[in-house]
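The structure under discussion appears below in the form of structure tokens.
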Amino acid sequence: MAEYHLTTPLSDEDVSKLKAGDIVYLNSTIYTARDAAHKRLVDLIDNGKELPFDLQGSVIYFVGPTPPKPGEPIGSAGPTTSYRMDSYSPILISHGQKGMIGKGKRNEAVKEACKKYKAVYFGATGGAGALIAKAIKEAEVIAYPELGPEAIRKLKVEEFPVTVINDTYGNDLYEIGRAKYEVKE
Amino acid sequence: MREIAYEDLVKSVKAMVMHTASHLPEDALKAIEEAYNNEESEVAKSVLKQILDNAHLASSEDRPLCQDTGLAVYFVKVGEDVKVVGGSIRDAINQATEEAYKDGYLRASTCECFDRHNLKDEVGYNLPAVIHFDIVEGDKIEIEYAAKGGGSENVSRATVLAPAQGKEGIKNFVKQVISDAGPNPCPPIIVGVGIGGTFEVAAKSSKHALFREAGTPNENPVLDEFEKELKKELNNLGIGAMGMGGTQTVLAVHIEKNPCHIASLPVSVNVQCHSSRHSHITL
Ligand code: SF4
């Protein structure tokens, strides 16, 4: 298990060196989106319209934070369960997205897209929302404010801690890790 | 008849809800620390460390432990010789919930089932609370509270087995549920199991089982033994913290059992993530 410090936007070269189980600290800009926002992004792509941010090399964080206290950029901000984004992620990846951050299993189509277009799925620690918020220095709603916690936010992050779950080679940490510690009776 | 003022009830419940959002209870903290000490996987250990750091940060800076601040779930025992004056108990709990979620900068997560729009404006901020009432002897009101997140609720399951499937059938069902859940409910988890009763009694018992302090033995020695056996076998699945592989998946298994119909054996599994935010007060 290696450790990397990467700065977004991510390149093919950045993501190709990552292997399932590696620890990565992300820096610079990441974007937030959950199901409702994903649906809108994919609709824009289908209709050939411009997206609210540049997908090339982008990292999208699946999160619906708590409301910020006065004077703070964001409230608690841990990952939400990722499978709800499974039907949208492959389309975004085929248009240049390089990273996803969430928690929980992804389907085969997402893993295939990670291999084919070189992208990675990172896991953040669910339920560590207060700790993770410390790595978020600025937050700005850039689209769909009416979605509340589900609006698209542009986050400035410093050393945002994640673990590689699905890499560009078809490896899945959930399967590898579990097989290693499973005790067969 | 003993009397409790409506405002006092609101005040006590509100304080409990606000405190619980940012302070992981002692039993959960201890169980996670123990898992951290026993974990063999480096990756899982680093996750458990983050979970512990998060808990300490949340309580010292009074920040929500998790962004999913849950639906507010209550089990309320009302004594026959106590009366709330100035309003109903249900209204008091709902008011306290709304005020705590708003003033504590907690997330409102209740929505309509079909179009999924948030109910915060028309029904109330994170309302309605989920309240299970029971009437008991005495002149006290006892309130157990939990902030129940969606991730662990989503993997929970209930079924009705054939009586002949017995303990082995129950064990296989619980194992299947936890195995299918994998990383999704934010392990390490607490597993609540409701056995017997009718279909809905099993489900409710599995939820109530999660309110017991982790680490305390079951009062029934047979169930206590069964809990230990299940815990060991579930940990053998190798899921580990956040599903990244490891020896520490389950912090505790809690079982509640009820008499059931001669023809059926209902079983329900309710999963609680490591962010086991629960508390109780007696008034
Ligand atoms: S399952 Fe629990 S810890 Fe995980 S995101 Fe939901 S509430 Fe938070």
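The values are calculated or read from the model by the stated rules, or taken from the named source; none is laboratory data. These figures come from a predicted structure and were not determined experimentally. Note: ideal-geometry Cβ built from the backbone for every residue, glycine included; neighbour counts use all protein chains shown.
Reported count of residues in region B:165-178, each being touching a residue at least 60 places away in the same chain (Cβ under 8 Å) and within 13 Å of another protein chain (Cβ to nearest Cβ), is 3. Of the residues making up region B:167-199, those that are within 16 Å of the ligand (Cβ to nearest atom) and of a type outside the set (A, V, I, L, M, F, W, C) number 8.
The number of residues in region A:59-103 being hydroxyl-bearing (S, T, Y), buried (at least 23 other Cβ atoms within 10 Å of the Cβ) and more than 16 Å from the ligand (Cβ to nearest atom) comes to 1. On the stretch given as region B:221-270, residues that are assigned to a loop (DSSP other than H, G, I, E, B) and among the hydrophobic types (A, V, I, L, M, F, W, C) total 6. Among residues of region B:264-280 that are touching a residue at least 24 places away in the same chain (Cβ under 8 Å) and of a type in the set (K, R), those with a beta-carbon under 6 Å from a residue that is part of a strand (DSSP E or B) and within 16 Å of the ligand (Cβ to nearest atom) at least six positions away or on a different chain give the pairs B:R277/B:A147.
Each residue in region B:207-246 was checked for being within 14 Å of chain A (Cβ to nearest Cβ) and surrounded by fewer than 19 Cβ atoms within 10 Å (Cβ to Cβ), and 5 of them qualify. On the basis of being within 14 Å of the chain's Cα centre (by Cα) and at pLDDT below 95, does A:D86 make the cut? Criteria not met by A:D86. Is it true that B:G124 is of a type in the set (G, A, S) and more than 16 Å from the ligand (Cβ to nearest atom)? Taking the combined requirement at face value, the residue satisfies it.
So which residues in region B:52-73 are surrounded by fewer than 23 Cβ atoms within 10 Å (Cβ to Cβ) and either away from the ligand (no atom under 12 Å from the Cβ) or charged (D, E, K, R) (or both), if there are any at all?
Within region B:52-73, B:L52, B:D53, B:H56, B:L57, B:S59, B:S60, B:E61, B:D62, B:V73 meet the criteria.
Among the residues of region A:111-128, the ones that are of a type in the set (A, V, I, L, M), within 20 Å of B:G245 (Cβ to Cβ) and more than 9 Å from every other protein chain (Cβ to nearest Cβ) come to 1 in all.
When B:G104 is tested against the conditions (1) more than 16 Å from the ligand (Cβ to nearest atom); (2) over 30 Å from B:N235 (Cβ atoms); (3) small (G, A, S); (4) in contact (Cβ under 8 Å) with a residue 40 or more places away in the chain, the lone failure is (1).
Each residue in region B:148-166 was checked for being within 16 Å of the ligand (Cβ to nearest atom) and either surrounded by fewer than 17 Cβ atoms within 10 Å (Cβ to Cβ) or among the hydrophobic types (A, V, I, L, M, F, W, C) (or both), and 3 of them qualify.
When the residues of region B:46-65 are filtered to those that are part of a helix (DSSP H, G or I) and touching a residue at least 60 places away in the same chain (Cβ under 8 Å), which remaining residue is farthest from the other protein chains (Cβ to nearest Cβ)? Within region B:46-65, the match that is farthest from the other protein chains (Cβ to nearest Cβ) is B:L48.
When you scan region A:136-153, do you find a residue that is within 22 Å of A:D22 (Cα to Cα), within 14 Å of another protein chain (Cβ to nearest Cβ), within 16 Å of the chain's Cα centre (by Cα) and of a type in the set (A, V, I, L, M), even just one? Looking for residues that are within 22 Å of A:D22 (Cα to Cα), within 14 Å of another protein chain (Cβ to nearest Cβ), within 16 Å of the chain's Cα centre (by Cα) and of a type in the set (A, V, I, L, M), one finds at least one in region A:136-153, hence yes.
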